[in-house]
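*Asks:* The structure under discussion is supplied below as structure tokens; questions concerning it will follow.
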Amino acid sequence: MDWNDIPRNPFRVPTKEEEMHPNCKKNNVIKKGACTTGPCFHAEQINENNIEKCTEPGTYDFFSNSSASFILTFLSVTTFFCGLIAAISYKIQFKEKGLKPENGRKMEHIDNVDSIFMAKEWQEPKSSLRNVLVTPNIRTQQLEVKNQLGHLIRAMEFPSNSNVMIYCSTDNHYMLIRVHHSYDLVLKFDSEYVRSTFIKAFDKFMSGIAAVGNVCSVQMTNVTLAMMLKQAITKKHRQKKLEMFFRVVFAQAFHIAHTKEEILQIASTVAKEVIYTELTIIEFAEALSMRPDSEFVKKIFNLVDKDKSGFISFREFVDMLVIFLKGSAEEKIKLMFDMYDINGKGRLKREEFSNMLRSFMETVNADVTDDELESLVQSMMYHANLANKETINLQDFQQILSDFNDQFNYAELEFNVQADGRNRKLHAGVKTVRSTFIGEVQKTVESLYADPSELQSRVEGKVENEQDITEKRDNSEVIDRDEKIVEEVKKYSDDYWYPIMKYLANKRLQIYWTCLYTLLLLGIFAERVYYYSIEREHSGLRRILGYGLTITRGAASAMMFTYSTLLFMMCHNTITILRTTVLQFYIPFDSAIEMHKYIACWALAFTVLHIIGHGFNFYHISTQTADDLLCLFRNYFHATHELPKFHYWCWGTMTGITGVLLTFVTGLIFICSLSMVRKTFYNWFSFVHSLYPVFYILMVLHGSGRLVQEPYFHYFFLGPIILFILDKVVTVTRTRIEIPILKADILPSGVTCLIFPKPLNFQYKSGQWIRIACPALQTNEYHPFTLSSAPHETSLSIHVRAVGPWTTNIRDKLEQCTMSNENLPVIHIDGPYGEGHQDWDKYEVAIMVGGGIGVTPFASILKDIVFRSNHNVNFSCKKVYFLWVTRTQKQFEWMVDILRDLEKTDAKNIISIHIFITQFYQKFDLRTILLYICERHFQKISSKSLFTGLKAVTHFGRPKFSQFFLSIQKLHPSTNKIGVFSCGTPTMTEAVDAACKAINLTEINDTLFQHIYKSF
């Protein structure tokens, strides 16, 4: 249309052709007709014949061209996180199994490298093949099977005169080796050449062991793979057979009743098979949870193996059990005597008696000198009036051990007595028999310090003198006392409010601040929901988006609050300072990390709610007209003929693109914060958490788009970020100082002691920790370690155990420098930082439990306590009980040295030390009793432990914390609150926590056990 198409005078009808427009004449759309005033020219009248046909009514999809971007955006985000979780799970599984994706591996601790064959072991039908290294070791006369790290996983023995069957598959490269009294070894080789080479090496191996008198017959048969695997005796089959063996043995020895179902399951063929089952020395040692190369195991195996066949038969095992587990003290002592009466003459020389005692020390790897052993033998014989005898007979042996008959009697398996003294019948289930048999030593160990006559002296850490030893109670008194305790527990466990009040008293500060924070958070969420539901309904956006707007705005405000307050919990320097003020009585600073995790969980919940809500909101926005959008979002401008699609709002606006990036960053941070990821891949956790500046910058930019409201994130954020920056400035200025390492001690068990000078103005409390970094390792990683030095010492020290890449590298670096006399590297330190263990001086009575490298904070605390006590420094704590749970005293010899120095300087006896050696926990009960006897005798003559050289009380086995804590409670009846501090593995700290909770929920007095722990 141009300007000529518009009539100049549209309201005047042309009456002449000259007045008509030329275009009208050409198109012939004007007709001549009669008007009221005369003839005129006009358009033809509209009727049914000359109008256009009507089209069908249509609609317009405002979401068109948004579907693909909408689906791809949410699908890509979901796929990314699902793939990330799957990849992390895959990496964790590889690391837990000790495998690496690459083929090349470093193999350690492998002997006879020339005889190593790589193969894959078939274990059972439904399990996958595992890569193994097979080594025929002529020296040990064993076929050793190791994993790819070189760790021994099986040693196959070939007893003399045994038949060795070898099956080779004809349709694959499989090979089966079968030896009587053992399960089969099924191997798959890479090629026929490798298998044939192994067969030649195996023949050479069998010839080699035959040359030393171990002659075996070898038969080789070719079968199909299917037939081979079908007849293979797997480890599971052998264990099932042994379980049936133990069930029947215990039923025979203790007359245990079987259920009807069990009787039906034991067919005649199975019974016959059980009768003819024989145990090897390895299986016998496993049944006793001891090492097969132990001298004790060898002695008892040879004694029980009456026919000297090299195996223990069904009847021989029953006879042994009857004596060991049900026999009288005299019968047990005779059996022990016969074990070391090698010639069967009925006499033991002093040397043989010394060898007996020395074999007892194998379990704990105690380095007992010849002088100490001779002193122990002389003491035991002197107390039995046998000092002048060079040989002892059975009667003399019984006289030596006569004072400990009760301990031998306590070592029985009480299959026929319940806790209340009534008789019962046990069904010989697999778990019941096995766990009771192996776990009996635990009861024996517990009884060692449960005796009331020894309770006070042993718990207080005092060594008994001969005149202090009183007669032990009989079993009936033990049962009566147990009944009384059970009655008290039942009586007060019926009080519904009592355990609740105890829990509230123990966690009152944490509960208060958690509830206060939660209510404040929910209040912020509810206020925004109300505001956008009611007070902002006139804006029109709420009517279009529905209640999705109110939910997302409420979640947004909650996110601003949670993500801002997260920074408060990470101000370590500020928290450390505030711990020393009066606020420590009102704010639980020890729970800062737990509160950080709690807030993070709320933040994640509101983040997910915010994202899901915006998924609905974006759909509604993408279906609005252009004019409506201009009214709703006045800060966004676009042409009137353009209709913004989803990809514009999500990827073309500041709010949208920053929201997508925030989703990825938030997901990464939370996924890498999971405990299994943090423990397995700490570097990932550390790196991803260092993205928090990016996160907060995106948060600020996300609100600056002003899509819905004016930005007000700064109202929540300014206070926490200012405090956090100031806290970080203190940290940065402190970590720039280079501190030289004065001394580095390479200790056993992978522990390295670092000693370095105390920086100027460095003030700390015992129990606090620092973070260190070593530039020589080409990394800026900071790792936390508890100070093992005391505040009064002039230098600082930490003990680092090599359990990860960084700790292993620094140990290797220091060891290399020490051996080559190079200068030790410098380190950067950050700290000190406060921890719950530093509050030990708030309690009048404190219990400290350390396990493994977890003894480090207590090394500092104990030295500080002794120093304060000897210098008459006034502090609240009057008595400290230190429980050290260690696999063996050899594990951390440096701690033994520290404890030895403490015993020398602890003039006021403020510290009571108890050491629990767990290496032979669940070992044979008689062995435990005899070790206890040796320990008691050595304490009599030297007033110190035979195993540790300390005056501390040594226990054999894992502590029963509830019983020990109750004993301490009885020693301090007037104490209302006892502090329990533990540091070690999660298993140990959970056991301590369970004991504290159990006592807090069941005791009738006002004593409260407050547990503060740190696990690693």
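The values are calculated or read from the model by the stated rules, or taken from the named source; none is laboratory data. Please read all numbers here as calculations on a predicted model, not as lab measurements. Because the Cβ atoms are built from the backbone with ideal geometry, glycine has one as well, and the counts that use them run over all protein chains shown.
*Asks:* Within segment 665-682, is even one residue aliphatic (A, V, I, L, M), closer than 16 Å to residue 612 by Cα, surrounded by 17 or more Cβ atoms within 10 Å (Cβ to Cβ) and touching a residue at least 24 places away in the same chain (Cβ under 8 Å)?
*Replies:* no
*Asks:* May I pose another question? Against the definition (β-branched (Val, Ile, Thr), outside the structural domain of residue 897 (by the TED database) and out of contact with any Leu (no Cβ under 6 Å at 6 or more places or on another chain)), how does residue 725 come out, yes or no?
*Replies:* Taking the combined requirement at face value, the residue satisfies it.
*Asks:* What's the total number of residues in segment 974-996 that are among the charged types (D, E, K, R) and touching a residue at least 60 places away in the same chain (Cβ under 8 Å)?
*Replies:* Residues that pass the stated criteria total 1.
*Asks:* Then there's this: Restricting the search to segment 168-191, which residues are under 14 Å from residue 117 (Cα atoms) and among the aromatic types (Phe, Trp, Tyr)?
*Replies:* Within segment 168-191, 174, 189 qualify.
*Asks:* Identify the residue in segment 151-186 that is aromatic (Phe, Trp, Tyr) and under 13 Å from residue 280 (Cβ atoms) and, among all such residues, is nearest to the chain's Cα centre (by Cα). Reasoning before the result, please.
*Replies:* Looking only at segment 151-186, we keep the residues that are aromatic (Phe, Trp, Tyr), and these are 158, 167, 174, 183.
Imposing the further condition that a residue be under 13 Å from residue 280 (Cβ atoms) reduces the set to 158, 183.
Values: 158: 39, 183: 33 Å.
My answer is 183.
*Asks:* Give me the pairs: first residue in segment 117-141 and over 14 Å from residue 201 (Cα atoms), second residue among the hydroxyl-bearing types (Ser, Thr, Tyr) and part of a strand (DSSP E or B), beta-carbon distance under 8 Å, and six or more apart or on different chains, which are they?
*Replies:* Final answer for the pair search is 122/174.
*Asks:* May I pose another question? Being crowded, with 18+ Cβ neighbours inside 10 Å, farther than 15 Å from residue 860 by Cβ and modelled with pLDDT under 80: is that true of residue 916 here?
*Replies:* Here the answer is no, as residue 916 does not meet what is asked.
*Asks:* Is one or more of the residues making up segment 21-40 among the aliphatic types (A, V, I, L, M) and either modelled with pLDDT under 70 or not in a loop (DSSP other than H, G, I, E, B) (or both)?
*Replies:* Yes, segment 21-40 contains at least one residue that is among the aliphatic types (A, V, I, L, M) and either modelled with pLDDT under 70 or not in a loop (DSSP other than H, G, I, E, B) (or both).
*Asks:* Let me ask another. For segment 507-525, which positions are under 28 Å from the mean Cα position of the chain (by Cα), surrounded by 13 or more Cβ atoms within 10 Å (Cβ to Cβ), without any contact (Cβ under 8 Å) to a residue 12 or more places away in the chain and in a helix (DSSP H, G or I)?
*Replies:* Residue satisfying the conditions is 511 alone.
*Asks:* Next question, about the same structure. Has segment 838-850 got any residue that is surrounded by fewer than 18 Cβ atoms within 10 Å (Cβ to Cβ), touching a residue at least 12 places away in the same chain (Cβ under 8 Å) and in a loop (DSSP other than H, G, I, E, B)?
*Replies:* Looking through segment 838-850, at least one residue is surrounded by fewer than 18 Cβ atoms within 10 Å (Cβ to Cβ), touching a residue at least 12 places away in the same chain (Cβ under 8 Å) and in a loop (DSSP other than H, G, I, E, B).
*Asks:* Another question, then. On the basis of being in a helix (DSSP H, G or I), over 40 Å from the mean Cα position of the chain (by Cα) and polar (S, T, N, Q), does residue 207 make the cut?
*Replies:* Numbers: in a helix (DSSP H, G or I): yes; over 40 Å from the mean Cα position of the chain (by Cα): yes; polar (S, T, N, Q): yes.
Considered against the rule, which asks whether it is in a helix (DSSP H, G or I), over 40 Å from the mean Cα position of the chain (by Cα) and polar (S, T, N, Q), residue 207 comes out as yes.
*Asks:* Out of all the residues in segment 861-878, which are over 12 Å from residue 838 (Cα atoms), without any contact (Cβ under 8 Å) to a residue 60 or more places away in the chain and buried (at least 21 other Cβ atoms within 10 Å of the Cβ)?
*Replies:* Answer for segment 861-878, where residues must be over 12 Å from residue 838 (Cα atoms), without any contact (Cβ under 8 Å) to a residue 60 or more places away in the chain and buried (at least 21 other Cβ atoms within 10 Å of the Cβ): just 866.
*Asks:* Considering (1) assigned to a loop (DSSP other than H, G, I, E, B); (2) at pLDDT below 85; (3) under 25 Å from residue 222 (Cβ atoms), say which one residue 190 fails and leave the rest.
*Replies:* Residue 190 satisfies every listed condition except (2).
*Asks:* Only one of (1) at pLDDT 90 or above; (2) surrounded by 20 or more Cβ atoms within 10 Å (Cβ to Cβ); (3) not hydrophobic (A, V, I, L, M, F, W, C) is not met by residue 598, so which one is it?
*Replies:* (2)
*Asks:* Given the condition out of contact with any Cys (no Cβ under 7 Å at 6 or more places or on another chain), assigned to a strand (DSSP E or B) and surrounded by 12 or more Cβ atoms within 10 Å (Cβ to Cβ), answer yes or no: does some residue in segment 55-68 qualify?
*Replies:* no
*Asks:* Looking at 815, 835, which one is farther than 24 Å from residue 579 by Cβ and touching a residue at least 40 places away in the same chain (Cβ under 8 Å)?
*Replies:* Just a single option satisfies the conditions, and that option is 815.
*Asks:* For segment 579-595, enumerate the residues that are surrounded by fewer than 16 Cβ atoms within 10 Å (Cβ to Cβ) and closer than 17 Å to residue 720 by Cα.
*Replies:* 593
*Asks:* Given the criteria at pLDDT 85 or above and either over 17 Å from residue 791 (Cα atoms) or in a loop (DSSP other than H, G, I, E, B) (or both), does residue 880 qualify? Walk me through it before giving the result.
*Replies:* Working: at pLDDT 85 or above: yes; either over 17 Å from residue 791 (Cα atoms) or in a loop (DSSP other than H, G, I, E, B) (or both): yes.
Considered against the rule, which asks whether it is at pLDDT 85 or above and either over 17 Å from residue 791 (Cα atoms) or in a loop (DSSP other than H, G, I, E, B) (or both), residue 880 comes out as yes.
*Asks:* Might you let me know whether segment 743-751 holds any residue that is part of a loop (DSSP other than H, G, I, E, B), of a type in the set (S, T, N, Q), free of Cβ contacts under 8 Å to residues at least 24 places away in the same chain and surrounded by fewer than 20 Cβ atoms within 10 Å (Cβ to Cβ)?
*Replies:* Among the residues of segment 743-751, not one is part of a loop (DSSP other than H, G, I, E, B), of a type in the set (S, T, N, Q), free of Cβ contacts under 8 Å to residues at least 24 places away in the same chain and surrounded by fewer than 20 Cβ atoms within 10 Å (Cβ to Cβ), which makes the answer no.
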